[in-house]
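Structure, as structure tokens:
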Amino acid sequence: MSDQDQAIRPWQRDIYSVFKAANIQHVSYVPDGGHRGLIDLCADDPEIGTTVLTTEEEGVGLAAGLFLGGQRSVLLMQSSGVGNCLNLFTLAENCRLPLVLLVTMRGEFAEFVPWQIPMGKRAGAALELMGFDVFRAEDAKSVGDICSGAIDQAFYSSRSTAVLLSQRLIGRKNWSK
Amino acid sequence: MTKIRSDREFRGFKMIERRPAVAELLKDRGNALVVAGLGSPVYDVFAAGDHDLNFYDWGAMGSAAMVGLGLALSRPERPVIVFTGDGEMLMGLGAFSTIAQHRPANLSILVLDNEQYAETGMQRTATGFGTDLAAVARACGIQNASVLTRPEEIAALQPMLRAKAGTLVGVLKIKPGDQPRTVPEREGTLIASRFMRSLAADQARA
């Protein structure tokens with residue numbers, strides 16, 4: 001599958017619909033190929049603010065400030081970004097502010113770059129360790145429902161939640177070109 | 001190995017006293033939202049007078065400026081003032097780039113720069129070795145960024161914090177040394193819920 005094929009996938013449109021239904025007003029991200037279509041959909045929506053971060057850590061403070069000011073947001077990152085954030089997550093835990101992370105996984109299926117594997121293997125456990133409720137989406141049809149549940153649980157129950165979007169769902173990266 | 005010693009005393013700084021400066025900047029704060037970053041800025045902001053719309057960011061070092069950005073974007077009608085230290089700002093220099101994407105008119109970031117980690121034994125920070133945080137902010141795209149070295153400059157800065165005339169970064173060169181500790185609420189849920197309830201109550205009255 002080429003990068004072009006990753007432009008906008010049906011499950012990414014499902015996530016975008018979930019954002020709209022849940023009144024998500026801001027999306028911040030360090031980009032990943034697996035998030036590309038969703039980022040494009042959000043960037044084109046005048047009702048959703050977007051912020052490209054220099055590091056995922058910034059997204060935690062940003063989400064906290066947005067929520068304190070009355071806006072719901074979602075933070076998009078790749079599994080490697082989870083490792084960057086650990087101490088920042090304590091801001092949300094201490095203040096019981098809901099964080100919602102959508103994490104595209106690397107290092108778990110047909111991975112070409114072995115450097116992705118150490119953090120990919122531990123991203124889910126690291127999130128659990130930091131107190132997140134962690135969900136995992138494996139097949140395209142259930143992505144929207146799982147994201148909807150994670151977002152609702154975060155904002156209804158003041159929890160930090162994360163959805164791991166599996167590497168198999170995102171598809172193999174084409175290394176042949 | 002030769003240790004480089006601070007040259008700040010020789011740069012002609014009269015330097016600013018942190019407590020009176022913060023108190024003056026928060027005088028007549030109007031409907032401003034205030035974020036205080038961990039360590040001394042938390043104590044300084046509390047010493048200037050507790051307020052429901054103070055968010056004391058006791059931990060998560062590096063986050064204060066980004067919490068301020070989130071508030072500024074979600075509450076464009078209100079001035080947002082962040083007090084942070086040089087140590088915390090240095091931990092998240094990228095925040096200047098990220099803030100410059102939006103350049104919210106209502107956001108001011110004030111760095112209380114004593115060129116040292118005051119909480120941990122006065123070790124020098126990179127600003128003591130020459131990093132100019134205002135120059136970094138400008139290079140990242142925040143044009144209104146300057147270094148303040150004289151107490152007289154505080155009075156001129158004070159009304160700018162409420163003007164909502166563009167993102168502002170002020171690096172206040174403050175006297176090194178510890179202050180009497182003034183300790184606000186530490187329980188994060190109370191700090192956050194007080195803040196959000198107060199905002200909601202203001203909204204309901206409006």
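The values are calculated or read from the model by the stated rules, or taken from the named source; none is laboratory data. As the structure is a prediction and not an experimental result, all values here were calculated from the model. Please note: Cβ atoms are built from the backbone with ideal geometry, for glycine as well, and neighbour counts cover all protein chains shown.
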remark   = Scanning region B:44-55 for residues that are surrounded by fewer than 24 Cβ atoms within 10 Å (Cβ to Cβ) and of a type outside the set (D, E, K, R), the one farthest from the other protein chains (Cβ to nearest Cβ) turns out to be B:Ala47
ask   = Hey, which of the helices (runs of 4 or more DSSP H) in region A:34-132, taking only ones fully inside, have at least 2 residues that are of a type in the set (Lys, Arg)?
value = A:117-129
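Which helices (runs of 4 or more DSSP H) does region B:97-206 wholly contain that include 3 or more residues that are over 18 Å from the mean Cα position of the chain (by Cα) and closer than 19 Å to B:Gly68 by Cβ?
By residue number, B:188-205.
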query = If you go through region B:58-78 one residue at a time, do you hit one that is within 14 Å of chain A (Cβ to nearest Cβ), assigned to a strand (DSSP E or B) and at pLDDT 95 or above?
reply = no
query = Tally time: how many residues in region B:61-88 are over 13 Å from the mean Cα position of the chain (by Cα) and on the phi > 0 side of the Ramachandran plot?
reply = 0
remark   = Scanning region B:63-80 residue by residue, the ones that are under 16 Å from B:Arg103 (Cβ atoms) and either touching a Gly at 6+ places or on another chain (Cβ under 9 Å) or among the aliphatic types (A, V, I, L, M) (or both) total 12
message = Given the criterion at positive phi, of a type in the set (A, V, I, L, M), surrounded by fewer than 24 Cβ atoms within 10 Å (Cβ to Cβ) and free of Cβ contacts under 8 Å to residues at least 60 places away in the same chain, identify the matching residue among B:Met91, B:Met122.
response = B:Met122
inquiry  = Given the criterion in contact with a strand residue (DSSP E or B) (Cβ under 8 Å, 6 or more places away or on another chain) and either closer than 22 Å to A:Ala137 by Cα or surrounded by fewer than 23 Cβ atoms within 10 Å (Cβ to Cβ) (or both), identify the matching residue among A:Ser28, A:Ser80.
reply    = A:Ser28
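Mind telling me which of the residues A:Leu88, A:Leu97 ends up being touching a residue at least 24 places away in the same chain (Cβ under 8 Å), in contact with a Gly (Cβ under 8 Å, 6 or more places away or on another chain) and within 23 Å of B:Met66 (Cα to Cα)?
Criteria check complete, one pass: A:Leu88.
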remark   = By residue number, the members of region A:62-77 that are crowded, with 24+ Cβ neighbours inside 10 Å and facing another protein chain (nearest Cβ under 10 Å) are A:Leu62, A:Ala63, A:Ala64, A:Gly65, A:Leu66, A:Phe67, A:Leu68, A:Ser73
